[in-house]
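Structure first, commentary second.
The values are calculated or read from the model by the stated rules, or taken from the named source; none is laboratory data. This one's a predicted model, so the numbers in the text were calculated from it and none came from an experiment. We place every Cβ from the backbone using ideal geometry, glycine too, and count neighbours over all the protein chains shown. Heavy atoms of the whole protein, side chains included, go into the accessibility calculation; ligands, DNA and RNA do not. Shrake-Rupley method; radii C 1.70, N 1.55, O 1.52, S 1.80 Å.
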Amino acid sequence: MQSIADNKKSQNIAEYIIYLYQQEDLIRSFQGNLEEIRQYVVAHFPVEEMEKEGIFNWYRDFRNQMEKEGILEKGHLEETQKLVQKLSQIHWQLLKSDKTYFETYKKAKPHILQAILDAEGKDLGNEIQICLNGIYGLLLCRLLGKKVSEEQLKSAEAFGEVLSLLNLVYQQERISRN
């Protein structure tokens, strides 16, 4: 699991964030019960026992961090939220300085506004959080076999384009720091 997470983090930060959301939800689906996670998740990985132990240790550490931060029932890890904030900072910088990004964002803006209206006053977070939630929501619908509307597909495509450009800049900044 660590290698999957590391690979996603190094290649697509939005995918990494969504992957962490999935893992949080997976742990919640077992109410954080590590033995059930071992039995129903880790045991089914088609790898050697030694590797399964490493996977289990990753889940254990991840779950313990969730417990430490008080998010076993809802919310996201602080590290993950810092990444969302970083993407949001890049977003605001690009809106002021990059015409291509601005044009891409304009296509997503109506979908962001619709999500805010649909939330009926519930705080959805910043615009990048809304884009991530839109993509994750589509993924959940597909995983659960729910019908996906044409509007959901359009919004997810627009959100994906925004997140893709943000990832490009994020990765460039990460490389230039190293």
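Only a single criterion out of (1) more than 17 Å from I130 (Cα to Cα); (2) in a loop (DSSP other than H, G, I, E, B) is not satisfied by K74, namely (1). Would you check if Y101 is touching a residue at least 12 places away in the same chain (Cβ under 8 Å), closer than 21 Å to D25 by Cα, crowded, with 17+ Cβ neighbours inside 10 Å and of a type in the set (S, T, Y)? It is false that Y101 is touching a residue at least 12 places away in the same chain (Cβ under 8 Å), closer than 21 Å to D25 by Cα, crowded, with 17+ Cβ neighbours inside 10 Å and of a type in the set (S, T, Y). Name the one entry in L83, L72, L95, L77 that is open to solvent by less than 80 Å² (accessible area, probe 1.4 Å), closer than 17 Å to Q171 by Cβ and modelled with pLDDT of 95 or more. Testing whether each residue is open to solvent by less than 80 Å² (accessible area, probe 1.4 Å), closer than 17 Å to Q171 by Cβ and modelled with pLDDT of 95 or more leaves just L83.
I17 meets all of the listed conditions (1) open to solvent by less than 20 Å² (accessible area, probe 1.4 Å); (2) modelled with pLDDT under 95 but one, namely (2).
Condition first: assigned to a helix (DSSP H, G or I), within 21 Å of S164 (Cβ to Cβ), open to solvent by 40 Å² or more (accessible area, probe 1.4 Å) and among the aliphatic types (A, V, I, L, M). Now tell me which residues in the range 107-134 satisfy that. Steps first, please.
Quick first cut of the range 107-134, residues assigned to a helix (DSSP H, G or I) only: 107-118, 127-134.
Of the ones still in play, those that are also within 21 Å of S164 (Cβ to Cβ) are 107-115, 127-134.
Remaining after also requiring open to solvent by 40 Å² or more (accessible area, probe 1.4 Å): 107, 109-110, 113-114, 133.
Correct list: L113 only.
Here Q171 meets the list (1) part of a helix (DSSP H, G or I); (2) open to solvent by 50 Å² or more (accessible area, probe 1.4 Å) almost entirely, failing just condition (2).
For the range 135-168, taking the residues that are closer than 13 Å to T104 by Cα and hydroxyl-bearing (S, T, Y), the one that is surrounded by the fewest Cβ atoms within 10 Å (Cβ to Cβ) is identified as S164.
Conditions tested, residue by residue: (1) among the β-branched types (V, I, T); (2) within 25 Å of K82 (Cα to Cα); (3) at pLDDT below 95.
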{"position": "Y105", "(1), (2), (3)": "no, yes, no"}
{"position": "E120", "(1), (2), (3)": "no, no, yes"}
{"position": "L124", "(1), (2), (3)": "no, yes, yes"}
{"position": "E151", "(1), (2), (3)": "no, no, yes"}
{"position": "A156", "(1), (2), (3)": "no, yes, no"}
